[in-house]
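Below: one structure, written as structure tokens.
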């Protein structure tokens, strides 16, 4: 996936997921992962439906 090579990618997550996902993303895509944990992605909804995903958002 050369389209991501040498690009910065912001990974918004709850703590601890980045330790598993970031190294794989960096290795496979050759990108630079920047972790931001100040935002709670569950506010957009959860797959387990603890919080409903009211609308599909594409940014």
Query raised in the report: When N counts the residues of the stretch 1-43, how does its alpha-carbon radius of gyration compare numerically with 2.2 N^0.38 Å, as a ratio?
Result: 1.17
Requested in this report: Could you rank the peptides 23-32, 3-12 by their average count of other C-beta atoms within 10 Å per residue, with the highest value first?
Outcome: 23-32, 3-12
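Read-outs throughout are calculated quantities, based only on the coordinates presented, and are distinct from any laboratory measurement. Please read all numbers here as calculations on a predicted model, not as lab measurements. Cβ atoms come from the backbone with ideal geometry, glycine included; neighbour counts cover every protein chain shown.
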